[in-house]
Amino acid sequence: MNKELTKYYSSGHSACAGCGFPAIVRTVLGELKTDVVIANATGCLEVTSTLYPYSAWKAPYIHNAFENAAATISGVEKAYEALKKKGKIKKKIKFVAFGGDGGTYDIGLQSLSGALERGHNFLYVCYDNGGYMNTGNQRSSATPYGAFTETTPTGKESFGKIETRKNLMEIVNAHRIPYLAQANVAYLADLKKKAKKALETDGPSFLLVFSPCTNNWKFPTSQYVNVGKLATETNFWPLYEIENGVHKLNFEPKKITPVAEFLKTQGRFKHLFKEENKPHLEEIQKLVNEEFARIANLCEE
Amino acid sequence: MVLNFMNKKNKKVALTGGAAAAEALKQIEIDVMPIYPITPQTTIIETYAGFEANGEVDTEIIKVESEHSAMSAAIGASSAGARTATATSSQGLALMHEVLYIASGMRLPIMMLVSARALASPINIHGDHSDVMGCRDSGWIQLFCENGQEVYDKTIIGMKLAEKVKLPIMVIMDGFNTSHSVENLEILETKIAQEFVGEFKAISPLLDTENPVTYGAVALQNSYFEFRIDQEEAMRTVEAEYEKIAKDFEKISGRKYSIFEEYKIDDAEKIIVLTGSAAGTAKVAVDNLRNNGEKVGLLKINLFRPFPHKKIAESLKNAKEIIVLDRAQSIGTYPPFYSEIINSLYGNGRDAKFCVSTGREIKSYIYGLGGRDIFQKQIEDVFLGKIEGGYIK
């Protein structure tokens, strides 16, 4: 494998074929200009990269627990500051934390909020696959409306998840950090640019990256890029960034594809195409339109 | 090591137990200190924040948003290679519970001052040992203090011990009784304290980017067990290391701290076993009863984890009656200290048989829950068998 690509995260990890996060990790870390220390929340990325006595990490790495990647990297970063002050360390080091949506939107939200508010010099990357995939597909607050998960199963009385997704970008933006962006593993050139900006930021930065899950979204392993592309082409997952408070849309589809085209690629939404669930399908299209309009509006201001 | 405890430079100062802890942390140059407020621990972090405000320390203080994050950041800082300390009490310690095991599993020598306090519900901010007993199996060294002087001294001893054996340590004072009581105590010259503890040299720190390591790996059925055994083996070295370090500390301070303190037990027929601030009161009770001709004594435990079973069994071997006073319950079974004393006297451990007791009376009492005071008269009554029912209320 390409030596540059595997500089920090080697081949031989045990992530599923067709999983998005290896490309996310490599693309983000590929933009580093300095040494790095990585913290990782419990989750798929962690368990598939650190099975003792092996480790896929070629940079210093710490996994602490599920909810505390941001607090952990806070400690590492302050240790760096302390030892630098004492002249025990001279080189520049950047600090990067990775977490899934469960470890970021849900159980790790407080820890992330605290670290952002304190202004540590770190990048937090959330790879969002819309659920607790490491424990076998349970709903998180990032799971989309209408999705089947093992804790929002479909049935006579259920069309899947009844709540809409939590808007994490808005929450993170409320901390007024210098740089945050929403990206998608299917748009690596865009992710690369954003990673570069995020890593060059002095202070906290945040990337929310769409990461299709072949196993639990139920699509063939060969299709993760296509599924990811459709998410953005349908405006289900707009690409945008907020730099010093200024919103910028990074991709505007020339022709908007109906969200159903994205949904029908995945088994987790297949029940929505039954006649009785038509209103829910319409509701999803409405939600997508509204959210995209809201973001587009902010970007025009 | 310089014998300088007669040196006039060893200042006498009036400090609360909390401030005494902060003073020791300042002298041993903590690199990183994640802090979060909770009563009755705040005397420690407020004093320390004052040092920062006056430019007296170089410590990076991280004012985190919860105790869970305090311990999580401490784990990050310690694994990065920084000398790291924090402080907590009660609910805060309970909130840290998950990550306490991660700190010890990663073998990180984190110093944590605990101002021990009751646990809710009902909520109560006053002293007892429920919080620290709740994490007695978390793989941390637990060192109890009787008063402010001990807090200061054991923070210094404890930091050196933790870094030597690569295990985290709790230095425990009684909430309010010790943390908020002002006492006259003697502090070392900073240079002497610093030289005693030495510089922290982490093994494979995260900040050594030339030699990258992975902390917090997944270990399955084929390796997890061995990691756990290694941790136990490390804990088994603590008793001897503590004694060595305490002996060196005696040389620079003139103050002696054994793993437990024997007070008038040589010819004692009845011995009370306890720890913490009540020991001072118990010593007065012992003196008073001895003036009346009663052969009584006191065994004050300093080191609770690891528990020095064998040495305690030896120490208690001639007592006809042993009375164990716990400041915590273990609801549904015998209280923690009592269980350990029973283990000491009747245990048939892996090292050797140290069962030296048969047919003696070993009584259990619980006292002081939620900050309830314990008085000299009550301790005398316990010695004299005048209190029944297992509670000193």
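Just so you know, all these numbers are worked out from the coordinates, no wet-lab data involved. Quick caveat, the model's predicted, so the values are computed rather than measured. In this analysis, Cβ positions are derived from the backbone assuming ideal geometry, glycine residues included, and neighbour counts consider all displayed protein chains.
Which of the trypsin sites (Lys or Arg not before Pro) found in region B:183-251 are in a DSSP loop and have at most 12 neighbouring Cβ atoms, other than their own, within 10 Å?
The qualifying sites are B:K201.
What percent do you get for the relative contact order of region A:1-87 when only Cα pairs under 8 Å and 6+ apart count?
Relative contact order here is 31 percent.
After finding the eigenvalues of the alpha carbon gyration tensor for region A:49-105, what semi-axes result from the square roots of 5 times each, listed largest first in whole Å?
24, 16, 9
Please work out the ratio of the alpha-carbon Rg of region B:88-150 to 2.2 N^0.38 Å and round it to two decimals.
That works out to 1.13 for region B:88-150.
Would you calculate, for chain A, the mean residue ellipticity at 222 nm contributed by helices, counting each DSSP H stretch of 4 or more residues as -39,500 (n - 2.57) and dividing by all residues, to the nearest 500?
Mean residue ellipticity at 222 nm (helix-derived): -10000 deg cm²/dmol.
With both partners inside chain B, how many of the DSSP beta bridges are antiparallel, as a percent to the nearest 5?
DSSP beta bridges in chain B are roughly 25 percent antiparallel.
What GluC sites (Glu not before Pro) in region A:81-161 are in a loop by DSSP, with at most 12 other Cβ atoms within 10 Å of the Cβ?
A:E157
Select from B:A77, B:I322, B:P37 the residue farthest towards the positive end of the dipole of chain B; place +1 on Cβ of Lys and Arg, -1 on Cβ of Asp and Glu, and compute about the Cα centre.
B:I322
Counting other beta carbons within 10 Å of each Cβ, put A:H175, A:H63 in order, fewest first. Write down the numbers at each step before the final one.
On the way: A:H175 17, A:H63 26.
In increasing order of surrounding Cβ atoms, one gets A:H175, A:H63.
Give me the distance in nm between label points sitting 7 Å out from Cα along the Cα-to-Cβ direction at A:E163 and A:R294, one decimal.
1.5
Exactly which GluC sites (Glu not before Pro) in region B:248-300 are in a DSSP loop and have at most 14 other Cβ atoms within 10 Å?
B:E269
Does region B:260-392 come out rounded, prolate or oblate, given a ≥ b ≥ c as the square roots of the eigenvalues of its C-alpha gyration tensor, rounded meaning a/c under 1.5 and, failing that, prolate meaning a/b above b/c?
Oblate is the answer for region B:260-392, as a/c is 1.5 or above yet b/c matches or exceeds a/b.
Within 10 Å of each Cβ in B:96-107, how many Cβ atoms from other chains are there, averaged over the peptide?
Across the residues of B:96-107, the mean count of other-chain Cβ atoms within 10 Å is 2.
Arranged by the count of other C-beta atoms within 10 angstrom, fewest first, what order do A:Y145, B:Y257 take?
Details: A:Y145 18, B:Y257 22.
Ranking A:Y145, B:Y257 by Cβ neighbours within 10 Å, fewest first, gives A:Y145, B:Y257.
Which of A:T143, A:T149 has the fewest other C-beta atoms within 10 Å, and how do the rest follow up to the most?
Ranking A:T143, A:T149 by Cβ neighbours within 10 Å, fewest first, gives A:T149, A:T143.
Averaging over every viewing direction, what projected area does the convex hull of the Cα atoms of region A:188-275 cover, in nm²?
Result: a mean projected hull area of 7.3 nm².
Would you mind computing Rg(Cα) / (2.2 N^0.38 Å) for chain B, counting N as its residues?
0.97
First select every other residue whose beta carbon is under 12 angstrom from the beta carbon of B:I45; then total the charges, Lys and Arg +1, Asp and Glu -1.
Numbers: positive: B:K63; negative: B:E46, B:E52, B:E67.
That works out to -2.
Treating the Cα atoms of region A:21-300 as identical point scatterers in vacuum, please give the log10 of the normalised Debye intensity I(q)/I(0) at q = 0.16 Å⁻¹, two decimals.
These q points yield log10 I(q)/I(0) values of -1.27.
Within the set of other residues whose C-beta is less than 14 Å from the C-beta of B:S66, count the net charge using Lys and Arg as +1 and Asp and Glu as -1.
Once all neighbours under 14 Å are counted, the net charge is -3.
How high is the relative contact order of region B:260-392? Use alpha-carbon pairs under 8 Å, at least six apart in sequence, and give a whole percent. Display every interim value, and only then the final one.
Values: 215 pairs, mean separation 35.2, N = 133.
For region B:260-392, the relative contact order is 26 percent.
Where q = 0.20, 0.25 Å⁻¹, what log10 of I(q)/I(0) comes from the Debye formula for region B:165-227, counting one point per Cα?
Taking Cα atoms of region B:165-227 as identical point scatterers yields -1.04, -1.19.
Name the shape class, rounded, prolate or oblate, that the alpha-carbon gyration tensor gives for region B:192-266, where a ≥ b ≥ c are the square roots of its eigenvalues, rounded holds for a/c under 1.5, and otherwise prolate holds if a/b is larger than b/c and oblate otherwise.
Details: a/c = 5.44, a/b = 1.59, b/c = 3.43.
It comes out oblate by the Cα gyration axes.
With the Cα gyration tensor of region A:164-236 giving a ≥ b ≥ c as the square roots of its eigenvalues, does the rule (a/c under 1.5 for rounded; else a/b larger than b/c for prolate; else oblate) give rounded, prolate or oblate?
It comes out prolate by the Cα gyration axes.
Just the projected area, averaged over all directions, of the convex hull on the alpha carbon atoms of region B:1-99: how many nm²?
Convex hull of Cα atoms, orientation-averaged projection: 7.7 nm².
Rounded to the nearest 20 debye, what is the charge dipole size of the protein assembly as shown about its Cα centre when +1 sits on each Lys and Arg Cβ and -1 on each Asp and Glu Cβ?
For the protein assembly as shown, the charge dipole is close to 1140 debye.
Given 25 °C and 0.890 mPa s, compute D for region B:275-329 with the Stokes-Einstein relation, Rh being the Kirkwood radius over Cα pairs; round to the nearest whole µm²/s.
Approximately 194 µm²/s, per Stokes-Einstein.
What are the extents of the Cα atoms of region A:60-194 along their three principal axes, in Å, largest first?
Principal axes ranked by extent give 66, 31, 26 Å for the Cα atoms.
From the alpha carbon gyration tensor of the protein assembly as shown, can you work out the equivalent ellipsoid semi-axes (sqrt of 5 times each eigenvalue) and give them in Å, largest to smallest?
Equivalent-ellipsoid dimensions as semi-axes: 55, 27, 22 Å.
Around B:E56, with a cut-off of 12 angstrom between Cβ atoms, what is the net charge of the other residues, counting Lys and Arg +1 and Asp and Glu -1? Don't skip to the end; give the middle numbers.
Working: positive: B:K26; negative: B:E23, B:E29, B:E52, B:D58.
Result for the neighbourhood of B:E56: -3.
Can you list, largest first and rounded to whole Å, the semi-axes you get for region B:31-85 by taking the square root of 5 times each eigenvalue of its Cα gyration tensor?
Working: eigenvalues 61, 47, 11 Å².
Rounded to whole Å, the semi-axes are 17, 15, 7.
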